[in-house]
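Notes for the one structure printed next.
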Amino acid sequence: MIAEKLMTSWHVAVAAEAIAASLFARCGIDVSVQYGADQPEYDLVVVRDDRVLKVSVKGSQDGSWGLTQSLLRNADYHSAIDAWLGRHKPRTVLCFVQFKGVALDEQPRVYLATPREVGDRLKATANGRGDTILYESHTWGLRAHAVGTSEKIPVSWRFRRERIDELLAEA
């Protein structure tokens, strides 16, 4: 049975945060969990030596993450993305956890990106029109603005030790 069919949005968020914390810990990174639900900007703090990152964890079970829709006005996707970027402080990274198509005994797909990288990806979506949604992998249909084009999270964002090292070095 695929795990995604059993989870509410609350379960997705809790599972995503727990998986992110465990992956950082498996990489020898100190992890602190922010106390209290729905705290602004970040969920975890990860530390190695004197390097600190705030981590905002986003879980999904549908292959995408809605990020800027509450900021969208008059179909101006780029302005919504810029407003979203303005909410993120230096040393914040996003951790995207995807449960779509993942069985309970399998590890979900996990990605790490800076807000700037995510903003650039969102702005490039739909042939540069932009979008409020970050897609793991998506091809636009016949009625879409970007018909026939595809979106895909960069392979470089995959959760791995080298990616963590890159992000900590930038912190």
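With the largest listed first and rounded to whole Å, the semi-axes of the equivalent ellipsoid of region 30-117 from the Cα gyration tensor are 23, 20, 11. Partners of Lys100 within straight-line reach, counting aspartates and glutamates whose Cα lies under 18 Å from its Cα and excluding those fewer than 8 residues away in the same chain: Glu4, Glu17, Asp62, Glu136, Glu151. Length available on full extension from Ala18 to Arg73: 0.36 nm per residue minus the Cα-Cα distance, which gives 16.4 nm. Between 0 and 90 degrees, the angle of helix 9-26 with respect to the longest Cα principal axis of the chain falls at about 50 degrees.
Residues whose amide H comes within less than 5 Å of that of Arg109, counting only those at least five positions distant or on another chain, are Gln98 (H built at 1.01 Å from N in the peptide plane). In a fully extended conformation the segment linking Lys152 and Asp49 would gain 33.8 nm over its present Cα-Cα distance, using 0.36 nm per residue. When its C-alpha radius of gyration is set against 2.2 N^0.38 Å (N residues), the chain gives a value of 1.04. Compared with the alpha-carbon gap, the fully stretched path from Leu104 to Met7 is longer by 33.8 nm at 0.36 nm per residue. What's the angle, to the nearest 10 degrees (0 to 90), between helix 161-170's Cα axis and the longest principal axis of the chain? Approximately 90 degrees, to the nearest 10. Element breakdown for the chain at a 1.4 angstrom probe: carbon and sulfur atoms account for 51% of the accessible area. In summary, the lysines within cross-link reach of Lys89, defined as a Cα separation below 19 angstrom excluding same-chain residues under 8 places away, comprise Lys54, Lys58.
Note on region 1-72: Cα-Cα pairs beyond 20 Å make up 38% of the total pair count. Quick one: grab the alpha carbon gyration tensor of region 81-130, order the square roots of its eigenvalues as a ≥ b ≥ c, and give me rounded if a/c is under 1.5, else prolate or oblate depending on whether a/b is larger than b/c. Oblate shape, in that a/c is at least 1.5 and b/c is the bigger or equal ratio. Normalised by residue count, region 97-171 yields a Cα convex hull volume of 103 Å³ per residue. Looking at region 67-152, the trypsin sites (Lys or Arg not before Pro) that sit in a DSSP loop and have at most 16 other Cβ atoms within 10 Å of their own Cβ are Arg73, Arg87, Lys100, Arg129, Arg143. Computed from Cα atoms, the angle from the helix 115-124 axis to the main principal axis of the chain rounds to 20 degrees.
The values are calculated or read from the model by the stated rules, or taken from the named source; none is laboratory data. No experiment lies behind these values; they were computed from the predicted model shown. Virtual Cβ from ideal backbone geometry, glycine too; neighbours counted across all protein chains shown. The accessibility values were calculated without ligands, DNA or RNA, using every heavy atom of the protein model including side chains. Shrake-Rupley method; radii C 1.70, N 1.55, O 1.52, S 1.80 Å.
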